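Asker: There's a structure below that I have some questions on.
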Amino acid sequence: MVHLTEKCSAKRHLSLRRVCLALGVGMGMVGVSASAHAQSAPSKLAGIGDSISQGYSANGWLGEHPDFGFVQGTDAAVNSVYSRFKARVPSMAVQSVSVSGAEMVGGSNNAAAQAARICQQAQKPNRVVLELGGNDVCNRARSSGADPTTNMYSATTYRNALKAAIDTLAGCLPQGAVVQVMSMPRVDYLYEAGIQRRGLYCQGVWSLAGICRIVTGETNAARRASVGARINEYNEALGAEVSAAQARHAAKLRILTDWQGVAASGRSLGTYRFTGPDINGADCFHPYSSGQRKLACVAWETGEFGVAANVPSCVAQ
Amino acid sequence: MNKTKQRGVALGLGLASLGMSACTPAQIDNQGAVDEAEVRSLAAPEPGASAGEYQRRAVTLRLFGTQGGGSGEAAFATIAETDTWQTRDVRIGQTLGRNLVLTAVTSEGVRLRDGARSLWVPVGADLPTALIEHQYDRAVRDEGDHVYSVQPALLKRLLARYGFGGAAEQVTLADQPALRLSVVAPGGLLQRLGFADGDLIFAVDGEAPTPAGLQPALARLLQPESGAVLVRVAHGHSQWEATYRTR
């Protein structure tokens, strides 16, 4: 049933929407109603996110460069979600609340806190893209014990943090708004990607700046894979919460995600295996503008106007 | 339901249509001063502090989840305050405010003790309660978006009592000079300002500090007339400018 719902969410054409509505009526018995597909015309976009959304180092210079962010950016090299909306709706506005260092769960800039800031905006957006999670992993201390995931949040914690954010948005967004929740990249691939990108330089930067030591400080591949397995659990929890939230807020919001399960390799951010060329050679962590372009493409193609089947071509660019 | 609670509910219903938030029963019952008897029952009192230095603050806590359930050192709970959604990871024996102490963690929930009261909080549930805080606990307030409001007079007292609490070394990252915080002591000024071991400080009000110059640079926050101090800091892979405003 959940699989059918996701398929419906990805469909754009009227004839297909009728099919989805028909399926939705059937699924109402399990808590997913047809009204989930009612949505308003896009007028304003907001982003909930972290340094990736802030375009950190995306032009090769350390620091935030929001023009290169995959949601709010305006640089042609990125072709952001905002730029793509603007091409369809010239009056489209954007007001992002993303914060470098933010987590889905922890701290004072987490998903729910950023959602609350969106609720404080004078003109509420009717499109929101949420991308978080990397810091939930990278801000946790590396464990020297038998279990490398000891210091990581549980999948339940991760899901409840997302739930708080979606429920907060549901309390203030206009009727028919669309919220898109992006899965989190497998940051455990960072170690191999960094070694491939700049070898000893990246190892030096990671050590000096304490960058994602839970994976960059871990030379044992099996232990890094355990961290990756927890990230898969986060993304599964994210997918489950999106389905549950869609049922809770069906009368008001449409909630989408790119996540299609662990088995759908390369068809979401969470299953894309990034490599050396995808990361920035200066800080050995953040995506360069070409990586931001891939993110924007995946977000767009898994959003209301995209075609999910195009995602593999996004990441192959 | 007592009369105070009924009043809170009635206010809530009336104001909801105006888009305003009403006082919850917890706020009516729990805001304000603390007496000496309550101070004696605190789990983590400030040594030598009188009742007048404490304040009770009404909050609703939500247990996002738990990790490493059991009584071991690995177990911790992630708890958010629902008015700001700011979270804290709390381990067994640690406190929320000075009064609530975490006594047990399981995969289903946590147990908290508040004086003689024992409270069970299931994962995902809300707990309307009150935190008793010493004025030091609110000397630096994290307002979110890397903005902090600080009270200079309290920072001076904190500095005198707990010290600067840190040491730094000069490093260079991608051709940028920076200070790497090699030590951030619990309770010291640096920790209260939100810094952690390993953080990199690139600039204070636009100037790159030396290890010996870091404390004098941050000491501007002790002056009420300083207005705002800007600190460019990196934590892990992210770098931002933190703003400290006096209040």
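Asker: Just a yes or no: is a residue in region A:13-33 charged (D, E, K, R) and either modelled with pLDDT under 95 or on the phi > 0 side of the Ramachandran plot (or both)?
Answerer: Within region A:13-33, one or more residues are charged (D, E, K, R) and either modelled with pLDDT under 95 or on the phi > 0 side of the Ramachandran plot (or both).
Asker: Moving on. Could you list, in sequence order, all residues of region A:231-265 that are closer than 15 Å to A:TYR153 by Cβ and out of contact with any Asp or Glu (no Cβ under 9 Å at 6 or more places or on another chain)?
Answerer: A:ASN232, A:GLU233, A:ASN235, A:GLU236, A:ALA237, A:LEU238, A:GLU241
To keep it simple, each residue is scored yes or no on (1) at pLDDT below 95; (2) more than 14 Å from every other protein chain (Cβ to nearest Cβ).
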residue: B:VAL110; (1), (2): no, no
residue: B:GLY115; (1), (2): yes, yes
residue: B:SER118; (1), (2): no, yes
residue: B:VAL123; (1), (2): no, no
residue: B:ILE132; (1), (2): no, yes
residue: B:VAL147; (1), (2): no, no
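Asker: Considering only region A:145-172, state which residues are out of contact with any helix residue (DSSP H, G or I) (no Cβ under 8 Å at 6 or more places or on another chain) and not in a helix (DSSP H, G or I). So that I can check it myself, show each step before the final result.
Answerer: Within region A:145-172, the subset out of contact with any helix residue (DSSP H, G or I) (no Cβ under 8 Å at 6 or more places or on another chain) is A:145-146, A:150, A:154, A:157, A:160.
A:GLY145, A:ALA146, A:THR150, A:SER154 - these are the residues of region A:145-172 that are out of contact with any helix residue (DSSP H, G or I) (no Cβ under 8 Å at 6 or more places or on another chain) and not in a helix (DSSP H, G or I).
Asker: Looking only at residues in region B:123-172 that are β-branched (Val, Ile, Thr) and in contact with a Gly (Cβ under 6 Å, 6 or more places away or on another chain), which one is farthest from B:PRO224 (Cα to Cα)?
Answerer: Across region B:123-172, the extreme among qualifying residues is B:VAL123.
Asker: Now for a separate question. Any residue at all in region A:222-235 that's within 17 Å of A:VAL179 (Cβ to Cβ) and either within 15 Å of the chain's Cα centre (by Cα) or not in a helix (DSSP H, G or I) (or both)?
Answerer: Yes, region A:222-235 contains a residue that is within 17 Å of A:VAL179 (Cβ to Cβ) and either within 15 Å of the chain's Cα centre (by Cα) or not in a helix (DSSP H, G or I) (or both).
Asker: If you don't mind, there's one more thing I want to ask. Given the condition part of a helix (DSSP H, G or I) and in contact with a Gly (Cβ under 7 Å, 6 or more places away or on another chain), answer yes or no: does some residue in region A:242-249 qualify? Give the steps one after another, and end with the answer.
Answerer: We begin by selecting, within region A:242-249, every residue part of a helix (DSSP H, G or I); these are A:242-248.
Then keep just the ones that are in contact with a Gly (Cβ under 7 Å, 6 or more places away or on another chain); that gives A:247.
Checking region A:242-249: at least one residue is part of a helix (DSSP H, G or I) and in contact with a Gly (Cβ under 7 Å, 6 or more places away or on another chain).
Asker: For the structure I just gave you, tell me whether B:THR78 is open to solvent by less than 60 Å² (accessible area, probe 1.4 Å), within 26 Å of B:GLY52 (Cβ to Cβ) and assigned to a strand (DSSP E or B).
Answerer: No; evaluated as a whole, the condition is false for this residue.
Asker: Being in a loop (DSSP other than H, G, I, E, B) and of a type in the set (Lys, Arg): is that true of B:ARG161 here?
Answerer: Considered against the rule, which asks whether it is in a loop (DSSP other than H, G, I, E, B) and of a type in the set (Lys, Arg), B:ARG161 comes out as no.
Asker: Checking the conditions here, which among B:ALA196, B:ALA242, B:ALA234, B:ALA174 is among the aliphatic types (A, V, I, L, M), within 12 Å of chain A (Cβ to nearest Cβ) and at positive phi?
Answerer: Selected residue: B:ALA174, the only one of B:ALA196, B:ALA242, B:ALA234, B:ALA174 that is among the aliphatic types (A, V, I, L, M), within 12 Å of chain A (Cβ to nearest Cβ) and at positive phi.
Asker: Right, A:TYR158: under 26 Å from A:SER108 (Cα atoms), touching a residue at least 24 places away in the same chain (Cβ under 8 Å) and not hydrophobic (A, V, I, L, M, F, W, C) or not?
Answerer: yes
Asker: So, in region A:87-108, of the ones that are of a type outside the set (Gly, Ala, Ser) and touching a helix residue (DSSP H, G or I) at 6+ places or on another chain (Cβ under 9 Å), which residue ends up surrounded by the most Cβ atoms within 10 Å (Cβ to Cβ)?
Answerer: To start, the set of residues in region A:87-108 that are of a type outside the set (Gly, Ala, Ser) comprises A:88-90, A:92, A:94-95, A:97, A:99, A:103-105.
Next, only the ones that are touching a helix residue (DSSP H, G or I) at 6+ places or on another chain (Cβ under 9 Å) stay: A:92, A:94-95, A:97, A:99, A:103-105.
Numbers: A:MET92: 18, A:VAL94: 22, A:GLN95: 16, A:VAL97: 25, A:VAL99: 27, A:GLU103: 26, A:MET104: 30, A:VAL105: 28.
By that ranking, first place goes to A:MET104.
Asker: Another question about this same structure. Out of the residues in region B:212-241 that are open to solvent by 60 Å² or more (accessible area, probe 1.4 Å), in contact (Cβ under 8 Å) with a residue 24 or more places away in the chain and outside any strand (DSSP E or B), state the one that is farthest from B:ALA160 (Cα to Cα).
Answerer: Looking at residues that are open to solvent by 60 Å² or more (accessible area, probe 1.4 Å), in contact (Cβ under 8 Å) with a residue 24 or more places away in the chain and outside any strand (DSSP E or B), I get B:PRO224.
Asker: Condition first: more than 19 Å from the chain's Cα centre (by Cα), modelled with pLDDT under 95 and farther than 18 Å from A:VAL179 by Cα. Can you find one or more residues in region A:101-123 that meet it?
Answerer: no
Asker: For a quick check of your reading of the model, give me the residue pairs whose first member lies in region B:181-209 and is more than 18 Å from B:TYR148 (Cβ to Cβ), whose second is among the acidic types (Asp, Glu), with beta-carbon atoms closer than 9 Å and at least 6 apart or on different chains.
Answerer: Correct list of pairs: B:SER182/B:GLU169; B:SER182/B:ASP197; B:VAL183/B:ASP197.
Asker: Kindly indicate the residue of region B:81-99 that is in contact (Cβ under 8 Å) with a residue 40 or more places away in the chain and under 27 Å from A:GLN114 (Cα atoms) and also surrounded by the most Cβ atoms within 10 Å (Cβ to Cβ) among those meeting that condition.
Answerer: B:GLY97
Asker: If you scan region A:173-209, which residues turn out to be open to solvent by 10 Å² or more (accessible area, probe 1.4 Å), assigned to a loop (DSSP other than H, G, I, E, B) and at pLDDT 90 or above?
Answerer: Correct list: A:PRO174, A:GLN175, A:PRO185, A:ARG186.
Asker: Restricting attention to region A:113-146, which residues are open to solvent by 40 Å² or more (accessible area, probe 1.4 Å) and either facing chain B (nearest Cβ under 8 Å) or among the aliphatic types (A, V, I, L, M) (or both)? Even if it seems obvious, please write down each step before you answer.
Answerer: Let us first name the residues in region A:113-146 that are open to solvent by 40 Å² or more (accessible area, probe 1.4 Å), namely A:117, A:120, A:122-124, A:139, A:141-142, A:144, A:146.
Of everything in region A:113-146, those that are open to solvent by 40 Å² or more (accessible area, probe 1.4 Å) and either facing chain B (nearest Cβ under 8 Å) or among the aliphatic types (A, V, I, L, M) (or both) turn out to be A:ARG117, A:ALA122, A:ASN139, A:ALA141, A:ALA146.
Asker: From A:THR157, A:THR219, grab the single residue that is in contact with a Phe, Trp or Tyr (Cβ under 9 Å, 6 or more places away or on another chain), surrounded by fewer than 24 Cβ atoms within 10 Å (Cβ to Cβ) and not aromatic (Phe, Trp, Tyr).
Answerer: A:THR219
The values are calculated or read from the model by the stated rules, or taken from the named source; none is laboratory data. This structure is a prediction, so every number in the text was calculated from the model and none was measured. As a convention, Cβ positions derive from the backbone with ideal geometry for all residues, glycine included, and neighbour counts pool all protein chains shown. Please note that ligands, DNA and RNA were not included when accessible areas were found on the heavy atoms of the full protein model with its side chains. Shrake-Rupley method; radii C 1.70, N 1.55, O 1.52, S 1.80 Å.
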